[in-house]
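Encoded as structure tokens, here's the structure I'll be asking about.
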Amino acid sequence: MASPAYRPPSQRVFTNQDRRAILPAMSAHPLETRRAALNALKTGKDSMQEVSSRLGVGLSTLERWAKADREGRTPTTEVRTGRPPVLTSEGLEELARIVAGRPGSSLDEFAQELEKVVGFKPKSATLRDALKKLGFKHTRPTFAVKEDGAPAATPKRYGYSSRHRQDASQRYPSSATDAEWALIEDLFAKLGPGRPPRHSRREMFDAIGYTVRGGLPWRMLPKEFPKWQNVYATFRRWAEDGLFEKMHDRLRTLWRERIGRHEHPTAAVIDSQSVKTAEKGGSLATTGRRK
């Protein structure tokens, strides 16, 4: 049997059309309606039910208005709904004065100056909305242009560029720069007896750094590097010879000298956290024999 095409009243879906229909009833009553209701209640000609049906105001709302009127809290302004604005008209005028005097300042500097007047530090989103309301627009600084059309000055760029690398098309962020490799080249580029290596030691070092820094399996080395079997064998040999420890010791010494400290630490901090071990089992005699 097919299900019915209607829904019971308890399962009726609340649609956007229903919301638009009840929104006027949910909104705040105008000030004239409140005053008319209070005047009708004071005359006593109509009952509270009649005033409620004629003006479209609920009984609880009429009782609340009547109580406020008896206590002397008569309305003088329109009832306002929602959250009041953070910055009043005085705060907006002060913000306009601050921005006009210091147009190149940041939002945080505007907030600090405004805090001295209004007593609190507004958020960045509040300042953006206020500046937009006042008609201010954020513009980026422009550089002067020469006669030939080229900019007179360009902002300084920081960080590594292609000139710091051997081949920018086959280098990765984990690869060592020329200056970095010059500090450790003598540790890894030592040539011993036998056939010379097919791949350079720096290429092997970059392949190891790519795998260790990225936490990847050896088999996932890109094709620009040597075969992963050769890279892994080189890594095992260098690790057994202690070359990575020597590299760390050298770099630590260079850094300590750079910051003006002794090349070797004179003190150390040891963690006092206890290490959990397995409980000793068996009888005392058996433990003695094991020792």
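Hey, THR253 hits all of (1) touching a helix residue (DSSP H, G or I) at 6+ places or on another chain (Cβ under 9 Å); (2) not assigned by TED's automatic domain parsing to the domain that holds PHE188 but one; which does it fall short on?
Status for THR253: all satisfied but (1).
Just a yes or no: is a residue in the stretch 255-269 out of contact with any strand residue (DSSP E or B) (no Cβ under 9 Å at 6 or more places or on another chain) and within 19 Å of SER175 (Cα to Cα)?
Step one: filter the stretch 255-269 for residues out of contact with any strand residue (DSSP E or B) (no Cβ under 9 Å at 6 or more places or on another chain), giving 255-269.
Now narrow it down to the ones that are within 19 Å of SER175 (Cα to Cα): none.
No.
For the stretch 54-73, enumerate the residues that are polar (S, T, N, Q) and either surrounded by 11 or more Cβ atoms within 10 Å (Cβ to Cβ) or part of a loop (DSSP other than H, G, I, E, B) (or both). Show your work before the answer.
The initial filter retains those residues of the stretch 54-73 that are polar (S, T, N, Q), namely 60-61.
Of everything in the stretch 54-73, just one residue is polar (S, T, N, Q) and either surrounded by 11 or more Cβ atoms within 10 Å (Cβ to Cβ) or part of a loop (DSSP other than H, G, I, E, B) (or both), namely THR61.
Further question on the same structure: Restricting to the stretch 263-291, count the residues that are small (Gly, Ala, Ser) and either modelled with pLDDT of 60 or more or in the same structural domain as PHE188 (by TED's automatic domain parsing) (or both).
Matching residues across the stretch 263-291 total 5.
Let me ask something else. Of all residues in the stretch 183-200, how many are assigned to a helix (DSSP H, G or I) and surrounded by fewer than 18 Cβ atoms within 10 Å (Cβ to Cβ)?
Of the residues in that region, 4 qualify.
I need the full set of residues from the stretch 90-108 which are surrounded by 12 or more Cβ atoms within 10 Å (Cβ to Cβ) and within 21 Å of the chain's Cα centre (by Cα), in order please.
Answer for the stretch 90-108, where residues must be surrounded by 12 or more Cβ atoms within 10 Å (Cβ to Cβ) and within 21 Å of the chain's Cα centre (by Cα): just LEU107.
So which residues in the stretch 119-129 are assigned to a helix (DSSP H, G or I) and farther than 11 Å from ILE98 by Cβ?
SER124, ALA125, THR126, ARG128, ASP129 - these are the residues of the stretch 119-129 that are assigned to a helix (DSSP H, G or I) and farther than 11 Å from ILE98 by Cβ.
Given (1) modelled with pLDDT of 75 or more; (2) not in a loop (DSSP other than H, G, I, E, B), identify the lone condition not met by GLY260.
Result: GLY260 fails condition (2) only.
Right, HIS164: modelled with pLDDT under 85 and loosely packed, with under 10 Cβ neighbours inside 10 Å or not?
no
For the subset of the stretch 228-252 comprising residues that are of a type outside the set (A, V, I, L, M, F, W, C) and surrounded by 14 or more Cβ atoms within 10 Å (Cβ to Cβ), which member is nearest to the chain's Cα centre (by Cα)?
Our first condition is that a residue be of a type outside the set (A, V, I, L, M, F, W, C); within the stretch 228-252, this holds for 229-230, 232, 234, 236-237, 240-242, 245-246, 248-250, 252.
Filter again for surrounded by 14 or more Cβ atoms within 10 Å (Cβ to Cβ), leaving 230, 232, 234, 246, 250.
Details: ASN230: 42, TYR232: 39, THR234: 41, LYS246: 39, ARG250: 37 Å.
That would be ARG250.
The values are calculated or read from the model by the stated rules, or taken from the named source; none is laboratory data. Note that the structure is predicted; figures quoted are calculated from it, not measured. All Cβ positions, glycine included, derive from the backbone under ideal geometry; neighbour counts span all protein chains shown.
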